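> The structure is given below, and queries will be raised subsequently.
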2 protein chains.
Amino acid sequence: MAFVKDQSAGYLANHIARLFARGLAARIKPLGLTTGTFPALLELWEKDGLTQKDLVARLDIEQATMANTLARMERDGLIVRRKDASDGRKQRVWLTERARGLQGPAIEAAIAENADALSGLTEEERRQFVSLMRKVIETSKPEETPHQPGGAIISG
Amino acid sequence: MAFVKDQSAGYLANHIARLFARGLAARIKPLGLTTGTFPALLELWEKDGLTQKDLVARLDIEQATMANTLARMERDGLIVRRKDASDGRKQRVWLTERARGLQGPAIEAAIAENADALSGLTEEERRQFVSLMRKVIETSKPEETPHQPGGAIISG
DNA sequence: AACATATCCATAGCAGGCTATTTAACATTG
DNA sequence: CAATGTTAAATAGCCTGCTATGGATATGTT
């Protein structure tokens, strides 16, 4: 049974993700941020007033995970949550001034971490790496009907 | 501030790792295994009687994380821990029969998950992907003195 | 209007990762 | 040998992820 961990994509992916997370965590700790808030912050910096459901739809994160993350973010003064006026089930998420002020430094930190982590690759290799990761992520997307290369035949 | 998450290696790495973990978790759940035990099991299938410290040295995992993982593994009947005869601080880790019996199916599951996750890539792309991940991991290895390209000059 | 259903979010409980600290055993040294 | 230091593992406490379940608010149907 040939299984060499250093040739297993899953094993390596896990390892790499931990390396990135450690690195980024160290860089944003001085900002009072943790890694888990990053995805939500990126969406909210782009457009806030989103509902939790909107965030879940944009990020491949479970609803419960997002609920917990948002709770920590609110506790830490990054967001406030207010009920939607016309639908009491929805909680709209708004950034605080503090969170807005962190956009620049936080993104700088992420860019620096990426640069460092990829510093052993050539420019071409970095492009390949990112492109391959995107392709792998695309592969495991059942939501969208896989686009039919030949066209036509779908089901009778 | 140009930061596009789908072009950020760290972001993508995190996403990919979660996809692999979800997939593998589903496959090994019927075996009564969880993903966190995998690295330790791979080492122990190779050679058991290792100490916790040995495992930590072989895997890029913190000591406390390993201690917790081993505790769960013992609870679940995958390993037993016995004090080293000549050094009472060391706990040697031994696989149970149950854990030995799981080697085949568990590795099959991992191979299947890798195959599925990479099914959107060509053979050549898969090789590239694995090789690039290895390179990135190598980059963040401070432990080993970076091998001196020119030779000579190290410190006076 | 009442009841069933669907939707949105929160909560419970666990795995697995981390840092920091504690405990136990061994090693060193005055 | 006693004090001090070092090493191996365990524990505390947190964050981030998951599944499963519950609670509250709409929505639809009779």
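The values are calculated or read from the model by the stated rules, or taken from the named source; none is laboratory data. Note that this is a predicted model, so its numbers are computed, not measured. Cβ atoms come from the backbone with ideal geometry, glycine included; neighbour counts cover every protein chain shown. Side chains are part of the model used for accessible areas, which takes the heavy atoms of the whole protein and leaves out ligands, DNA and RNA. Shrake-Rupley method; radii C 1.70, N 1.55, O 1.52, S 1.80 Å.
> Find the Cα radius of gyration of the stretch B:7-118, compare it with 2.2 N^0.38 Å by division, and give the number to two decimals.
1.15
> Amide H neighbours of A:L50 under 5 Å, at least 5 residues apart or on other chains, H built in the peptide plane: list them.
A:V93
> Separate question: Near the axis that takes chain A to chain B, which A residue has its beta carbon closest, and at how many Å?
A:A17, 2
> Mind giving me the FRET efficiency for A:K53 and A:R134? R0 is 30 Å, r the Cβ-Cβ distance, nearest 0.05 is fine.
0.75
> To the nearest Å, what is the center-to-center distance of the stretch A:76-132 and the stretch B:84-108, using C-alpha atoms only?
With the stretch A:76-132 and the stretch B:84-108 each reduced to a Cα centre, they are spaced 41 Å.
> Shifting gears a bit: Run the reach check for B:K83 against lysines, Cα to Cα strictly under 22 Å, same-chain hits fewer than 8 apart removed. What comes back?
Of all the lysines, those that pass the test against B:K83 - Cα under 22 Å, at least 8 places apart if same chain - are B:K47, B:K53.
> What total accessible surface area, summed over both chains, is buried at the interface between chains B and A, computed with a 1.4 Å probe and given in Å² to the nearest 100?
Summed over both sides, the interface buries about 4700 Å².
> Based on the Cα gyration tensor of the protein assembly as shown, what are the three equivalent ellipsoid semi-axes, each the root of five times an eigenvalue, rounded to whole Å and given largest first?
Semi-axes, largest first: 35, 26, 24 Å.
> Would you mind calculating the relative contact order of chain A from Cα pairs under 8 angstrom and at least 6 residues apart, reporting the percent as a whole number?
Dividing the mean separation by the residue count of chain A yields 19 percent.
> Now for a different question. Which one of A:I107, A:I79, A:I28 has the biggest mean-square fluctuation once chain A is modelled by GNM with Cα springs under 10 Å?
A:I107
> Convert each backbone phi in the stretch B:85-94 into a coupling constant with the Karplus relation 6.51 cos²θ - 1.76 cosθ + 1.60 (shift: θ = phi - 60°), then list the ³J(HN,Hα) values in order as whole Hz, x for Gly and Pro.
5, 9, 8, x, 7, 7, 10, 8, 9, 10
> Right, another one. The stretch A:1-85: which GluC sites (Glu not before Pro) are DSSP loop and have at most 12 other beta-carbon atoms within 10 angstrom?
Passing both the DSSP loop test and the Cβ count: A:E62.
> Can you give the longest run of chain B that contains no trypsin sites (Lys or Arg not before Pro) sitting in a DSSP loop with at most 12 other Cβ atoms inside 10 Å?
Of all site-free stretches, the longest is B:90-156.
> So which residue, out of A:A13, A:A26, A:A99, gets the largest mean-square fluctuation from a GNM of chain A using Cα contacts under 10 Å as springs?
It is A:A13.
> When each copy gets a label point 7 Å from Cα toward the beta-carbon at B:K29, what are the spacings between them in nm, shortest first?
Output for B:K29: 3.5 nm, nearest copy listed first.
> So what is the calculated 222 nm ellipticity per residue for chain A, using -39500 (n - 2.57) for each DSSP H run with n of 4 or more, over all residues, to the nearest 500 deg cm²/dmol?
-18000 deg cm²/dmol
> Which one of B:Q128, B:Q52, B:Q63 has the biggest mean-square fluctuation once chain B is modelled by GNM with Cα springs under 10 Å?
B:Q128
> Round to the nearest 0.05 the FRET efficiency obtained for A:K141 and A:Q7 when R0 = 25 Å and r is the Cβ-Cβ distance.
According to the calculation, E is roughly 0.50.
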